[in-house]
Amino acid sequence: MLDVYYWPTPNGHKITIFLEEAALEYNIKPVDISAGDQFKPEFLAISPNNRMPAIIDHAPTDGGEPITTFESGAILAYLAEKIGKFLPSDVRGRNKTLEWLFWQMGGLGPMAGQNHHFAHYAPEKIPYAIDRYVNETNRLYGVLNSQLDGRDWITGEYSIADMACYPWIAPHERQMQKLSDFPHLERWFNAMRARPAVIAAYEKARPWSNRPTVTEEGKKLLFGQTANTKSAA
């Protein structure tokens with residue numbers, strides 16, 4: 001029913017967590033981002049920003065032609081609306097859930113991603129850049145910790161907001177963060193990590209997890225692109 005263009009990154013894990021929670025049938029189509037698979041014409045046809053994940057829904061609810069969706073937040077919202085779960089239908093609950101989904105998409109993900117880049121991938125260690133993004137990641141952890149004070153889940157009930165945020169908190173040590181500094185976040189993290197669907201989603205990643213996410217050649221592909229770049233892939 002669903003083709004999932006995937007690599008075991010935080011954004012990839014978001015989608016498999018949802019699919020495992022929803023018990024939907026899906027086929028994983030690996031997109032090896034270090035080998036340049038994201039620049040192949042057949043992938044660009046469904047993900048013009050050359051980023052994974054992306055999906056093809058071969059059985060959309062309108063009964064029409066397959067629907068393609070790129071951007072992990074858009075995929076989560078689409079799938080939640082398709083099955084009527086994990087995104088509240090009431091206006092206030094829906095609004096709150098989308099707020100935190102977009103918070104992850106616009107804040108936690110990009111800032112933690114820059115944290116990863118300058119601390120682990122950049123050819124030159126720039127102390128200002130590392131401090132800037134480690135500190136901003138820390139601030140965002142604090143924001144989420146405050147939101148989770150008195151709540152089991154980010155918006156009160158389990159939702160796509162939790163699925164979106166967890167994979168970006170999972171590499172907290174790599175981001176130079178201590179979960180013990182954020183007790184509400186730590187409690188939530190442990191609850192997320194114990195969910196059977198989360199366990200299953202990360203297990204699905206195993207066939208590709210033993211490969212380096214970014215090789216030296218992959219760095220050139222991932223970090224050297226401009227509007228005029230012609231990929232060799």
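The values are calculated or read from the model by the stated rules, or taken from the named source; none is laboratory data. Because the structure is predicted, anything quoted here is derived from the model rather than measured. We place every Cβ from the backbone using ideal geometry, glycine too, and count neighbours over all the protein chains shown.
The single condition from (1) closer than 20 Å to Phe18 by Cα; (2) in a loop (DSSP other than H, G, I, E, B) that Asn50 fails is (1).
Tally the residues that are assigned to a loop (DSSP other than H, G, I, E, B) and buried (at least 20 other Cβ atoms within 10 Å of the Cβ), restricting the search to segment 19-46.
From segment 19-46, those assigned to a loop (DSSP other than H, G, I, E, B) are 23-25, 31-36, 40, 45-46; that's our starting set.
In the following step, the residues that additionally are buried (at least 20 other Cβ atoms within 10 Å of the Cβ) were identified as 31, 33.
Going through segment 19-46 one residue at a time, the tally reaches 2.
Here Ala59 meets the list (1) surrounded by 19 or more Cβ atoms within 10 Å (Cβ to Cβ); (2) part of a loop (DSSP other than H, G, I, E, B) almost entirely, failing just condition (1).
Can you find even one residue in segment 112-126 that is over 21 Å from Trp168 (Cβ atoms), outside any loop (DSSP other than H, G, I, E, B) and at pLDDT 95 or above? No, the conditions are met nowhere in segment 112-126.
Considering segment 169-200, and only residues there that are polar (S, T, N, Q) and in a helix (DSSP H, G or I), the residue that is farthest from Tyr133 (Cα to Cα) turns out to be Asn190. Given the residues Ala77, Ala161, which is the only one that is in the same structural domain as His13 (by TED's automatic domain parsing) and within 26 Å of Val4 (Cβ to Cβ)? It is Ala77.
Quick one: which residue in Leu101, Leu87, Leu76, Leu108 is under 11 Å from the mean Cα position of the chain (by Cα) and more than 18 Å from Ser146 (Cβ to Cβ)?
Numbers: Leu101 fails: more than 18 Å from Ser146 (Cβ to Cβ); Leu87 fails: under 11 Å from the mean Cα position of the chain (by Cα); Leu108 fails: more than 18 Å from Ser146 (Cβ to Cβ).
Among Leu101, Leu87, Leu76, Leu108, only Leu76 is under 11 Å from the mean Cα position of the chain (by Cα) and more than 18 Å from Ser146 (Cβ to Cβ).
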